[in-house]
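See structure below.
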Amino acid sequence: MKASDLFVRALENEGVKTIFAVPGEENVDLLNSLKDSDIRVIVTRHEQGAGFMAATYGRLTGQPGVCMATLGPGATNLITPAAYAQLGAMPLVMITGQKPIKTSKQARFQILDVVELMRPVTKFTRQIVNGNTIAPLVREAFRLAIEERPGAVHLELPEDIAREDCEHRIFPVVGHRRPHATQVVLDEAAAMIESAQRPLLLIGAGANRKRICAALTEFVEETGIPFFTTQMGKGVVDERHPLYLGTAALSENDFLHCAIERADLIINVGHDVVEKPPFFMHDGDKTVIHVNFSPAEVDAVYFPQLNVVGDIAHSVRQLAQKISEKSHWDLQYFMTVKTEIETQLSRYFMDTGFPTLPQRLVQILRDTLADDAIVSLDNGMYKIWFARNYKCYGSNTLLLDNALASMGAGLPGAMMAKMLYPDAQVVAVCGDGGFMMNSQELETAVRLNLDLLVIVLNDHAYGMIKWKQQGMGFDDFSLDFGNPDFVTYARSYGANGYLVNSDQHLQETLDHCLGSPGVHLIELPVDYSLNHDILNVQLKNKACAL
């Protein structure tokens, strides 16, 4: 059969239902083969949009999302989504085209060594040089994409190879069970936890899986050990739980770190050094037990004393069975810290000033949205406030990126979430800088008939870097810019646009948008003037002897 047809059969064999694409002429054979397939091709307005949507599919389903682009500039535009998926442990399969490799009539026009470009940001990258290798390469690419740690893989299909005749052979999809941690190491971990005076549980991004969520909830209930999360571990255990202390949105010196510093043992479940550190280890400071699918990658601030390596859900359940709450555990201070954290975080929840404080927006959204609503964040100053202040009631209900932390992913991520969960409320929260990096995907959202709300926080600047600039004692310099009329801009794509002009108007507009079909964009002027005072001055001067 034709090689491009075989490629499609191999994708169907992997269960692929959708490909997000900006096709080029080097993809036309594959595109034509997809015409007679049940696989849906969704054309986006930029390769980043396609890549971010596919990566978010992987994040939310655990199965590889698939995107496609042409050679040269199309392929280079996938580098950022590739790194986003690779660092964030999201299974992603990228397919790119290429000029003929057996003969050439266009010299080096548009030709880059895409395989080598992809190598640093993928688990696997390969050019297909023979049609008969398509089926095993597709199977291997998908296998590697979901194997722990999940990540990005890439296949390049040159147009002359796509047109070859080849053998019709498909390889079966064979699953496997993850190995379990040994009883010896589980017994050692249990003994360390029981002998500790002040144990704490930390939940990281790698624990954000359905089976692990249930296991960790049981662990917390049965042991009574308080827990906190990394940014990408939010929602694994319902954050309304009385033993939830908070989220480490900063690496040090937040109120939460009072509890972390007092702990003598931390059970770190599902974290790796790719995510921004939730705390810094120091020699003799505390004992850390690393519970993950693979051993800890050691660096200067993370060097756990014990690795519990194996299927995380199994390890957590085994530990819960082996551990009983101990009378010598001294956990009261953690509850005192929890009370102080909640007092500090709620200080501006009811501030009705305008422009809106990010803390106020977080609280309005939490009060307004359903328990299972999904908020997809772009990257900017507001991400810190959402990580600290927004309580998640379920896994993956706050989509933020604390690995690559790329701007431009918030809107495509929200679009993918809405496609997967059409009955859920989905809100994208973007800064004006990040939104404009992929704002053209509003057209894609309108074309797909999505019911989606996009909130653009407008401060006419790269606000996160302004905060960093101020914190380092530098002058305010070179970070301001102008913006379009976002209301008119949204309407030009067929979406609905609204400019909020007061706190009451924000609530009214949110209620209207969430109750109406279609794509809605709210432009919200935001006030970041308290960032430095709260996150630099007040936290620096806090006292942990609460």
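The values are calculated or read from the model by the stated rules, or taken from the named source; none is laboratory data. In this text, all values refer to a predicted model and were calculated from it rather than measured experimentally. Glycine gets a Cβ as well: all are built from the backbone with ideal geometry, and neighbour counts include every protein chain shown.
So the values come out like this:
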quantity	calculated
Those residues of the range 360-375 which are free of Cβ contacts under 8 Å to residues at least 60 places away in the same chain, in contact with a helix residue (DSSP H, G or I) (Cβ under 8 Å, 6 or more places away or on another chain) and not in a helix (DSSP H, G or I), in sequence order	374, 375
Any hit, the range 172-194, residues being under 25 Å from residue 12 (Cβ atoms), in contact with a Pro (Cβ under 8 Å, 6 or more places away or on another chain) and of a type outside the set (S, T, N, Q)	no
Any hit, the range 82-105, residues being surrounded by fewer than 18 Cβ atoms within 10 Å (Cβ to Cβ) and without any contact (Cβ under 8 Å) to a residue 40 or more places away in the chain	yes
Residues located in the range 228-271, provided they are over 17 Å from residue 345 (Cβ atoms) and part of a strand (DSSP E or B)	265, 266, 267, 268, 269
Listing of helices (runs of 4 or more DSSP H) fully contained in the range 112-176 that carry 3 or more residues being touching a helix residue (DSSP H, G or I) at 6+ places or on another chain (Cβ under 9 Å) and within 17 Å of residue 66 (Cβ to Cβ)	134-146
Hits in the range 262-283 (condition: crowded, with 23+ Cβ neighbours inside 10 Å, farther than 17 Å from residue 192 by Cβ and touching a strand residue (DSSP E or B) at 6+ places or on another chain (Cβ under 9 Å))	270, 271, 278, 279
Single unsatisfied condition, residue 529 versus (1) of a type outside the set (Asp, Glu); (2) without any contact (Cβ under 8 Å) to a residue 24 or more places away in the chain; (3) outside any loop (DSSP other than H, G, I, E, B)	(3)
All positions within the range 441-487 that are more than 25 Å from residue 52 (Cβ to Cβ) and without any contact (Cβ under 8 Å) to a residue 60 or more places away in the chain	469, 472, 473, 474, 475, 476, 477, 478, 480, 482, 485
For residue 524: the one exception among (1) assigned to a helix (DSSP H, G or I); (2) buried (at least 20 other Cβ atoms within 10 Å of the Cβ)	(1)
Residue within the range 66-73 that is surrounded by 22 or more Cβ atoms within 10 Å (Cβ to Cβ) and in a helix (DSSP H, G or I) present	no
Unmet requirement for residue 402, which otherwise passes all of (1) at pLDDT 95 or above; (2) in contact with a Ser or Thr (Cβ under 9 Å, 6 or more places away or on another chain)	(1)
Only listed residue being in a loop (DSSP other than H, G, I, E, B) and farther than 21 Å from residue 389 by Cα, chosen from 225, 212	225
Unmet criterion (only one of (1) part of a strand (DSSP E or B); (2) of a type outside the set (Asp, Glu); (3) surrounded by fewer than 19 Cβ atoms within 10 Å (Cβ to Cβ)) for residue 184	(1)
Yes/no for residue 126 being closer than 23 Å to residue 22 by Cβ and either of a type in the set (Lys, Arg) or in the same structural domain as residue 231 (by TED's automatic domain parsing) (or both)	yes
Per-region count, the range 89-111, residues more than 15 Å from residue 71 (Cβ to Cβ) and either in a loop (DSSP other than H, G, I, E, B) or in the same structural domain as residue 206 (by TED's automatic domain parsing) (or both)	5
When residues of the range 502-546 are limited to those that are hydrophobic (A, V, I, L, M, F, W, C) and out of contact with any Leu (no Cβ under 9 Å at 6 or more places or on another chain), the one modelled with the lowest pLDDT	546
Candidate set: the range 146-181, residues that are touching a strand residue (DSSP E or B) at 6+ places or on another chain (Cβ under 9 Å) and surrounded by fewer than 13 Cβ atoms within 10 Å (Cβ to Cβ); chosen: the one farthest from residue 316 (Cα to Cα)	165
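Yes/no per residue for (1) under 17 Å from the mean Cα position of the chain (by Cα); (2) over 25 Å from residue 351 (Cβ atoms):
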residue: 404; (1), (2): yes, yes
residue: 446; (1), (2): no, yes
residue: 449; (1), (2): no, yes
residue: 470; (1), (2): no, no
residue: 476; (1), (2): no, no
residue: 485; (1), (2): no, yes
residue: 499; (1), (2): no, no
residue: 504; (1), (2): no, no
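Yes or no, residue by residue, for (1) farther than 19 Å from residue 425 by Cβ; (2) among the basic types (Lys, Arg):
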| site | (1), (2) |
| --- | --- |
| 323 | yes, no |
| 340 | yes, no |
| 343 | yes, no |
| 352 | yes, no |
| 355 | yes, no |
| 360 | yes, yes |
| 372 | no, no |
| 375 | no, no |
| 379 | yes, no |
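Here is a yes/no grid of residues against (1) surrounded by fewer than 18 Cβ atoms within 10 Å (Cβ to Cβ); (2) closer than 19 Å to residue 449 by Cβ; (3) of a type outside the set (A, V, I, L, M):
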| residue | (1), (2), (3) |
| --- | --- |
| 485 | yes, no, yes |
| 488 | yes, no, yes |
| 491 | yes, yes, yes |
| 500 | no, no, no |
| 508 | yes, no, yes |
| 517 | yes, yes, yes |
| 528 | no, no, yes |
| 538 | yes, no, yes |
| 543 | yes, no, no |
